Structures are given as structure tokens and as C-alpha cells.
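Structure, as C-alpha cells:
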Amino acid sequence: MTERLPESSLRLGLPSGSMQTSTIELFGRAGYKISLQERSVFPRIDDEKISAVLFRAQEISRYVVDNIVDCGLTGYDWIVENGNENDVVEICELTYSRATSMPARWVLAVPDESPIRTVRDFEGKIVATEIVNTTRRFFQKSGVNVNVEFSWGTTEIKARLLDGIVDLTETGSSIRANNLRVIDTILHSTIRFVANKSAWAVAWKREKMENVAMLLRGAIEARAKVGLKMNVPESKLADVTRNLPAEKSPTISRLSDSDWVAVEVILEDKQERELIPLLKRAGATGIITYPLNKVIP
């Protein structure tokens, strides 16, 4: 990378690799259009005050600390691995990932047939992982002497070549597929939006970062929700609203026909299929549902 981002802009580090697509999609739902030219690490973003660059997630917290970028999105695991927990400002936690909205886990695992049953059984053994520093600290804290080696990939395969692995899992499917057994969880990790401390002290940059964080959180909040609209006869309003979840306060608007009202509410998407038949039977008509881009609390 020969170019440098202009310091007159908010310099944003975005994760490349497995997190790249989901991150760009999240920004799109938040209202930021990001486009990437082939072989370029400098995405274009439709905000003239933001300039972006793609880095490996493993590097982003270091580049934030070193003031290469003002802020960036990276996994909490890599912040911990780089020892940067106290060196960055954590703006917000963002619960999205490659496959699910659940936190990812770094787990200590062995083959199903291994005699190892506890962490202490690793005394004098060899473990392979990408998060070497974090794994070493884990075993040191447990008082177990282990040789921790860096893994360049295909870590699951090495569980049978060495004594065990520490690997990342979201759903547990790769662990099961490779007939591995989890001994312990080393670390839970979600995506964090972090800032350089000096950049955070610049008023306009801080406001910009706070705005981005607000919209990203709103986009995540909206993923599992839908908007629902319907027309209801005034005489049936009590019956219809009685079917809505108790914690939801609908918006009710008068229609030109004084005998009718429009009712609108935001729901969890899993409630939609149960509610619509109930609302229809209670007297609602013209029921429509629609996806949401952002929900700002």
C-alpha cells in the first residue's frame, strides 16, 4: 500500500477477507454506499468526509493505535491478541459476523478419541492456533506448561497431528464435522468499532464516529424486525390491539373515513406469522409488512 489516507478525512479501517462482505452490507443498510474496485484496498464511500482502507482484521487494532487510521472495525479477539484493550477507545460493540449474530468462540479442542479431558491434561503437550499470545496467557493463568505453536490455517487438521488446537467457531459445525471435542472456551468475540485516542479527541471526528456507530447499531437492530401496517374499523380497534404484544405501543392514525383508523407497529419478525392471522380474524384489513433498514432506539 503506497497511498495514505488524507488526514482531513475520517480514516476508517474495514476488515478484508471473511468479514468484508458482511461489513460492506451492514454499512449499506446503515446508509453508506461502499464500492470496491478490483484489486484495490481503498473502497469508495459516498461520504466525502470518510476515507476507507481494507486491512486484515488481525491488523486493524494495531493500525488504529499507530494512527494509520482513525478508527476501524475488528474482532475483540484480535484486540486482545494484539494487547490493545487499553490502547484504543471502544466506540461500540456490533453483533454481526460471517454466519450468525452470535458471538464467535475460540475453543480448545481435541479429537474425540483423545485421552485429554481437562485443561491440566495438556501439561507438556503441543497446541496449534492463530491466537498464540491469548492461548499462552490462558494456559499460564491455568498453571499449565504448554508449547503453543502458530497455525497458518487448516487448524482443525492439526488436532490429530499435535495434541490439540485453539480454533474459532461460530456455529460449532466445523468442530463437529472434524470429530473434535471442546475442552474449554478461551475467548468470546464480537466485532468492535474502535478509535485512536487522539482522533477521538478531535470534536468533528468524534461526532462523525458516533454518527456512524449509531447508524450501524440501528442497522443491526433492524435485522430481526419488521414493520406492520393495517387498516382497522374503529369498532374493532380494541380487539385488534389486544392481539399485539403487550410491550408494543402502536401508532394509530385517523383515516379520511372516520369509522376507520390505520395502525402501525414494529415487531420481531418471528412474531409476524403468528400475529397476522389473529389480526385478520380480529377485523384488520389491508395488512402489509415491510423490512426495516434501521431502528434507532
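A few comments on the model shown:
- Span from the the range 1-73 Cα centroid across to the the range 144-178 one, whole angstrom: 30
- Secondary-structure-derived ellipticity at 222 nm for the chain, considering helices only, amounts to -8500 deg cm²/dmol, per-run term -39500 (n - 2.57) for DSSP H runs with n ≥ 4.
- Helix 132-142 vs. the chain, principal-axis angle (Cα, 0 to 90°, nearest 10): 80
- Listed pairs Lys49/Lys197; Lys33/Lys229; Lys33/Lys205 exceeding 23 Å between Cα atoms: Lys33/Lys229
- The chain: angle of helix 269-282 to the longest principal axis, Cα-based, in degrees nearest 10: 20
- The residues Asp184, Asp47, when put in order of fewest to most other Cβ atoms within 10 Å, stand as Asp184, Asp47.
- Loop-resident sites, the range 1-71, for GluC sites (Glu not before Pro), counting at most 16 other Cβ within 10 Å (DSSP): Glu3, Glu7, Glu38, Glu48
- The lysines within cross-link reach of Lys125, meaning a Cα-to-Cα straight distance under 19 Å and a gap of 8 or more places when in the same chain, are Lys141, Lys158.
- For the chain, the longest principal axis of the C-alpha atoms and the axis of helix 20-30 are separated by about 30°.
- Projecting the Cα atoms of Tyr96, Ala159, Ile296 onto the dipole axis of the chain, where Lys and Arg carry +1 and Asp and Glu carry -1 at the beta carbon, places Ile296 farthest toward the positive end.
- The mean sequence distance of close C-alpha pairs (under 8 Å, at least 6 residues apart), as a share of the length of the chain, puts its relative contact order at 19 percent.
- Under the shape rule built on the C-alpha gyration tensor, where the axes satisfy a ≥ b ≥ c, the range 104-188 is rounded, since a/c falls short of 1.5.
- Residue order for Lys125, Lys208, fewest other beta carbons within 10 angstrom first, comes to Lys125, Lys208.
- Three-way shape label, the chain, alpha-carbon gyration tensor, a/c 1.5: oblate
- In this Cβ point-charge picture (+1 for Lys and Arg, -1 for Asp and Glu), the chain has a dipole of about 240 debye about its Cα centre.
- DSSP finds beta bridges in the chain, and of those with both partners inside it, around 75 percent are antiparallel.
- Extension gain (nm, one decimal) between Arg120 and Ile157, 0.36 nm per residue minus Cα-Cα: 11.1 nm
Bear in mind these aren't lab numbers, they're just calculated from the coordinates by the rules spelled out. No experiment lies behind these values; they were computed from the predicted model shown. Positions of Cβ are generated from backbone atoms using ideal geometry, with glycine treated the same way; all protein chains shown enter the neighbour counts.
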